[in-house]
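**Q** This is the structure I have questions about; it appears just below.
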Amino acid sequence: MVNQPTKKTEVFLSLGSNIDPEKNLKYACRELKKAFGNIQISSVYRNKPIGFEGNDFLNMVVKVKSSFNPNEMLDFLGRLESATGRNIGTGAFDSRSLDIDMLLYGNLVHQEKPFQVPRIDIELYSFVICPLAEIEPDGIHPISGKTFKDLWESFDQEEHPLNKASLEV
């Protein structure tokens, strides 16, 4: 029997941190490169926390190609978050050492627990749609059918300002 190569799926991840963010984002990108090889990384953006008072967040989007199924991907991402000291499961808007969300898993539309893809965050937060549109402008949102570039251009950028951070990961 010949081993068939496992098809790899494009997975887009949103990474954010406001506790030692430079160190934690660099750590996450190193681990993602180890696990998936060549990854595509957006610019890093600085923004104020939403829903609570705290340090500014650094956020970015990373594209990987993975043979993990969605649940394996979530388990892997949870281990990365935990390795930085992230206390998972509070459900509250709070400071985070590392927050990694699976934004897209190929063209999969799955809106039930334990995960939702595409994540609603794509259309809600500038720190998600801006870096996503940066690295995949012609990508199509699997529900709305709009390109990420079009979603970003129609986003209220004045209401949700972002600044590029000078962080090389």
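The numbers here are math on the coordinates, done by the rules we state, and not lab data. Predicted model, so just to flag it, every value in this text is computed and none were measured. Heads up, the Cβs are rebuilt from the backbone with ideal geometry, glycines too, and the neighbour counts pull from every protein chain shown.
**Q** Please list, or write none, the lysines whose alpha carbon is within less than 28 Å of the alpha carbon of Lys65, excluding same-chain residues fewer than 8 places away.
**A** Straight-line reach from Lys65, under 28 Å: Lys7, Lys8, Lys23, Lys26, Lys33, Lys34, Lys113, Lys146, Lys149, Lys164.
**Q** Cβ neighbours within 10 Å, averaged per peptide: list 124-132, 102-110, 72-80 in order, most packed at the top.
**A** Top to bottom by mean Cβ count within 10 Å: 124-132, 102-110, 72-80.
**Q** Only helical DSSP H runs with n ≥ 4 go in: add -39500 (n - 2.57) per run for the chain, normalise by residue count and round the 222 nm mean residue ellipticity to 500 deg cm²/dmol.
**A** It lands at -8500 deg cm²/dmol.
**Q** Starting from the 7 Å offset along Cα-to-Cβ, what nm value, one decimal, do you get for the label separation of Ser154 and Asp121?
**A** Each label point lies 7 Å from its Cα, and together they span 2.2 nm.
**Q** Rounded to two decimals, what ratio of Rg to Rh does the chain give with C-alpha atoms and a Kirkwood Rh?
**A** 0.95
**Q** Tell me the label-point distance for the pair Lys164, Glu31, using the 7 Å Cα-to-Cβ offset, in nm and rounded to one decimal.
**A** 2.8
**Q** Further question: Only four residue types carry charge here, +1 at the Cβ of Lys and Arg and -1 at the Cβ of Asp and Glu. Report the dipole size of the stretch 44-168 about the Cα centre in Debye, rounded to the nearest 20.
**A** My answer is approximately 340 debye.
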